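S.K.: Below you'll find the structure I mean.
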Amino acid sequence: MKKEFYEMTYILNPVLDDEKFKELVDYVNKLIEDNDGDLVEVDEWGTRQLAYPIEKKNSGYYVNLYFEAPKTAIEPLERNMRINDDITRYLTLKYDAKMKRHYDLKKKGDLPVIFDDVEEGDNSDED
Amino acid sequence: MINNPSHPKKGHLKNKECKFTKAGIEYIDYKDTETLLRFINDQGKILPRRVTGNSARHQRQFSTAVKRARFMAMIPYVTENLR
């Protein structure tokens, strides 16, 4: 079946320890691979401050990943993530041609600059 | 707004030019909070096109990006003072 390019970000419960984080990331990666998907990139942002409390917690462990998978893989993947209590939030996006081009440019590191009067720390959240 | 030299309202310069079009952006990424923060006000509200000069297409993309970023708790839904 034809594979689509997807991006997913999810937030893990921050009270866990590093070992559990690794276990959960492996768990999600395995879910994708079991559903006939190929991982392209897995980027762990680490523990970050949330803009507002979720489930009475003020921080979360962010993981951002890109993968290729058939359309049918998404439903079982999201169902499993919803069931898991340690995954507080997730967002899956299907990439179209424009978004894919944007991603490739970002990979190469020559994204068009919107503001040329950049202040300090403009590259701080470029991952 | 006062402390932000690149704020679209600063200096009453009516710059009716879409910054995204000018830069040749094809997709506004919700993960790029630095850029998103430039086009929302201190309460975290999305600024209207008449203020920012965004093109209709980019304003739609931008508002989607803001809503995604809010959902993922990268920027707040409501706040007293963002900056």
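S.K.: Could you check A:Arg79 against (1) within 14 Å of chain B (Cβ to nearest Cβ); (2) without any contact (Cβ under 8 Å) to a residue 40 or more places away in the chain; (3) more than 15 Å from the chain's Cα centre (by Cα) and say which number it fails?
M.R.: (1)
S.K.: What is the residue count in segment A:48-76 for residues that are free of Cβ contacts under 8 Å to residues at least 60 places away in the same chain and exposed (fewer than 15 other Cβ atoms within 10 Å of the Cβ)?
M.R.: 9
S.K.: Kindly indicate which of A:Met1, A:Met8 is touching a strand residue (DSSP E or B) at 6+ places or on another chain (Cβ under 7 Å) and over 18 Å from A:Leu91 (Cα atoms).
M.R.: After applying the criteria, what remains is A:Met1.
S.K.: A further question follows. Which ones in segment B:56-81 are within 11 Å of chain A (Cβ to nearest Cβ), closer than 15 Å to B:Asp42 by Cβ and within 13 Å of the chain's Cα centre (by Cα)?
M.R.: Within segment B:56-81, just B:Ile75 meets the criteria.
Here, each number is a calculation from the coordinates, and none is a lab measurement. Worth saying up front: this structure is predicted, and the values here are computed from it rather than measured. Don't worry about glycine lacking a Cβ; one is built from the backbone with ideal geometry, like all the others, and counts go over all protein chains shown.
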